[in-house]
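Report on the following structure.
The values are calculated or read from the model by the stated rules, or taken from the named source; none is laboratory data. Predicted model, so just to flag it, every value in this text is computed and none were measured. Neighbour counts run over all protein chains shown; Cβ positions are idealised from the backbone, glycine included.
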Amino acid sequence: MKRQGGNGPVSVLPTMTPGAAAASKPARAEPAQQSALGFPGTLVEDWHQRAIGKMGELVEGSRALSVFLDACVKCGACTDKCHYYLGTGDPKNMPVARQDLFRSVYRRHFTWAGRWLPKLVGAKDLDESMLEDWYTYFHQCSQCRRCAVYCPYGIDTAEFAMAAREVMDTIGLGQKHTNEVIAKVHKLGNNLGLPQPVLADALAGLEEDTEEESGVPVRFPLDEKGAEVLLVTPSADFFAEPHVDGLIGYAKVFHQAGIRWTLSTHAAEAANFGLFIGSYENMQAIGLRIREAALELGVRRIVFGECGHAWRVAYNFLNTLAGPLDFLDSAYPVPQHMVEVTHDLIERGALTIDPSRNDARRVTFHDSCNVARASGMGGKAGGQFALPRAVLRAVCNHVYDMHRDTIGEATFCCGGGAGLLGEDMLDVRVKGAMPRMRAFEAVDEAHGITHMATICAICKSQFTKVFPHYGLRFDQVISLHHLVGDALVMRR
Amino acid sequence: MTLSGAVGWLMYLSVAVLTVGTACQVARYLRAPVPLKIPITPAPATGWGVAGRIAREVLLFESLFKASRSTWLFGWLFHAGLLWLALGHLAFFLPGSLPLLERVASTMGIAGWLTAAGLTGLAFRRVLVDRIRYVSAPSDYLMLGLLLAIVCTGMLVAVMPGADRVVFKAYVQGLYAGYTGGLPDAPFLWLHIVAACVLGLVFPFSKLLHAPGVFLSPTRLQADNSREQRR
């Protein structure tokens, strides 16, 4: 056991255990799910040749990959930064080793040194066992980018995971969870596969519940033309706990601020799983649904609900994938995060808030990886950390941060991101959550924390599932906008 | 062919491969599109901010400092020493009398020790830390060995008799005019030059491409302005 700084309470590194996580691999996509996305249904006959061809195409089409493949000096800076390595001790979960699964094949087939002196430069063939490693370990990366913060060259393992997954999809080796979900979005507009009547019914139920609880007729509009705001939120917000309380919070905020808003059946999903599988085409098709919905409904603003990787796509890619979005009101950020909306309203004094209503809660905030490292908020550096905390402090009197090496840009992923949220990955999910849980335990010990607030649907689902494995209750995970909703003083 | 001529032609070859090879690789990077905005936090909002960020990465190794203090210390020492040595060597490679560079050249002994210390530290890390050992290929050890060989032979050149600075400068200046004669009679100098030439020859095909790479990495080179600017 060696000690090393930079990981907060997880200062003791795991004993390196080759193969420790080799058995954890997600279920494979079925032929129908594959073909719905335009990929071969099963592993194609000439998979080796096609995989190498696709690799070349991807590297040629990406300056990031081209530079990242060559620039790594194997300095080791990233090796102790991945939550999956810290949790499993499997060396192939060290970011550079994960990249090397791709890099070694690239060297073998695309570089002079790798062709002639493979042993010298660590070049390897893409044989069946390498392909198996690809499937295993590129599905043990949540594309959280923590390694890239520490890399001297900003090499982002997420880019490798995306590329490898795309190569595998191309040869008919897809992952069930992601590809099933993407097929549902293409067909119905949301990841859960909810048809319009089910969605309408769920929202009507929420209207009843919210009026009963608050005494105020808060609306949950669906497909209402002429609304000012189109809210695009992860479909988990419609049903799952604790997500749904966040949706109630957004509705209360819009109600109190007098903003006419609507959800859309066509774009009833913020999460864009096209990102997870590295497929530009799928990501764009999903992104375009949002543009189409906004035009169809004639809204002036697009606001995204609490969702991590979704906010990456929205903040960094939507303008490029589905833009220009110049038909929207340029007085507001395009698109805008719900936290930005609420923060702005609080700053302007447009909401009446009684934080003492949350006095029974002592809360810490989990920075979601893709909000923290792949997007921004509020138009200023570090806004993605400052704004959610400002909102949290406005609605809650007892707020305590976890260790500084585990929040902000250094935040640990929940362990369930980028398509790993299936039951088939539970073992890796529990282990991958370990660094975050150690930091939670430390702040809990110091301050008696009751809840961990977060702004990502995956984080919420993941923590709800893994908290009990660490002796906590599943309902200690809470949506930021649940806390907002509870502290809002509602008027008719 | 005389030894002097062989060494001269090796230098020509090495410089040609280094410059043309690296230029081709950089051209390949630049040809590859950057379809999406992928800046990594903490990303500055403006071009000047990005320039500052890259400068801090190149001069101070900012991210490595956050990641690992020992790797940062050894890595920074090695690179700072290398820069110092490179400046000192300019005294031989630029024409004419250069008092300032000659002063730098006269302090190369200290720089050599610092560079060697940094390299040795990095070598120990590579061997002793199991995580780094796991990700190391033979070429990673050879690269450290080659760099150490260059630095050590260079320091020996300075202390052993035979390699007169003035004579060596005349030899280098002669190379510009296509004249490859006049290499000083100093075996460590020959070894030093050969090792340095090998480094130049492998540069465009090795991880030494991190040198242009650090200036081209999209995660660091992009400004955080995606909502304002489409790609």
| request: Could you check, for region B:161-181, whether at least one of its residues is in contact (Cβ under 8 Å) with a residue 60 or more places away in the chain, among the hydrophobic types (A, V, I, L, M, F, W, C), away from every other protein chain (no Cβ under 14 Å) and touching a Pro at 6+ places or on another chain (Cβ under 8 Å)? | output: yes
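Let's see how each residue does on (1) out of contact with any helix residue (DSSP H, G or I) (no Cβ under 6 Å at 6 or more places or on another chain); (2) free of Cβ contacts under 8 Å to residues at least 60 places away in the same chain; (3) in the same structural domain as residue A:242 (by TED's automatic domain parsing):
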| position | (1), (2), (3) |
| --- | --- |
| A:292 | yes, yes, yes |
| A:298 | yes, no, yes |
| A:306 | no, no, yes |
| A:315 | yes, no, yes |
| A:325 | yes, yes, yes |
| A:328 | yes, yes, yes |
| A:333 | yes, yes, yes |
| query | Hey, among the residues in region B:71-89 that are within 9 Å of chain A (Cβ to nearest Cβ) and either surrounded by fewer than 16 Cβ atoms within 10 Å (Cβ to Cβ) or of a type outside the set (A, V, I, L, M, F, W, C) (or both), which one's farthest from residue B:168 (Cα to Cα)? | reply | B:71
| query | Can residue A:224 be described as more than 30 Å from residue A:78 (Cβ to Cβ) and either of a type in the set (Phe, Trp, Tyr) or in contact (Cβ under 8 Å) with a residue 60 or more places away in the chain (or both)? | reply | yes
| request: Considering each of A:84, A:135 in turn, give the residue that is surrounded by fewer than 23 Cβ atoms within 10 Å (Cβ to Cβ), touching a residue at least 24 places away in the same chain (Cβ under 8 Å), more than 10 Å from chain B (Cβ to nearest Cβ) and closer than 24 Å to residue A:17 by Cα. | output: A:135
| query | Can you tell which of A:100, A:70 is in a helix (DSSP H, G or I), within 9 Å of chain B (Cβ to nearest Cβ) and closer than 23 Å to residue B:124 by Cβ? | reply | A:100
| note | Checked against (1) part of a helix (DSSP H, G or I); (2) within 24 Å of the chain's Cα centre (by Cα); (3) more than 7 Å from chain B (Cβ to nearest Cβ), residue A:39 satisfies every condition except (1)
| note | Going through region A:267-294 in order, the residues found to be farther than 17 Å from residue A:335 by Cα and not in a helix (DSSP H, G or I) are A:273, A:274, A:275, A:276, A:277, A:278, A:279
| field | Flag if residue A:141 is within 26 Å of residue A:272 (Cα to Cα) and buried (at least 24 other Cβ atoms within 10 Å of the Cβ) | value | yes
| query | Before we move on, is residue B:199 touching a residue at least 24 places away in the same chain (Cβ under 8 Å), within 23 Å of the chain's Cα centre (by Cα), surrounded by fewer than 20 Cβ atoms within 10 Å (Cβ to Cβ) and more than 11 Å from chain A (Cβ to nearest Cβ)? | reply | yes
| query | Taking region A:176-199, which residues are in contact (Cβ under 8 Å) with a residue 24 or more places away in the chain and either touching a Phe, Trp or Tyr at 6+ places or on another chain (Cβ under 8 Å) or assigned to a loop (DSSP other than H, G, I, E, B) (or both)? | reply | A:178, A:179, A:181, A:182, A:185, A:189, A:190, A:191, A:192, A:194, A:199
| task | Return a yes/no flag: does region A:3-16 have any residue that is assigned to a helix (DSSP H, G or I) and in contact with a Leu (Cβ under 9 Å, 6 or more places away or on another chain). | result | no
| field | Filter result (in a helix (DSSP H, G or I) and buried (at least 24 other Cβ atoms within 10 Å of the Cβ)) within region A:460-481 | value | A:460, A:462, A:463, A:466, A:480, A:481
| message | Return the pair list, or none, for Cβ contacts closer than 9 Å from residues in region B:20-35 that are within 7 Å of another protein chain (Cβ to nearest Cβ) to residues that are part of a loop (DSSP other than H, G, I, E, B) and hydroxyl-bearing (Ser, Thr, Tyr), at least 6 apart or on different chains. | response | B:32/A:62; B:33/A:62; B:34/A:62; B:35/A:62
| note | Flagged in region B:137-181 as crowded, with 17+ Cβ neighbours inside 10 Å and not in a helix (DSSP H, G or I), in numbering order, are B:137, B:163, B:180
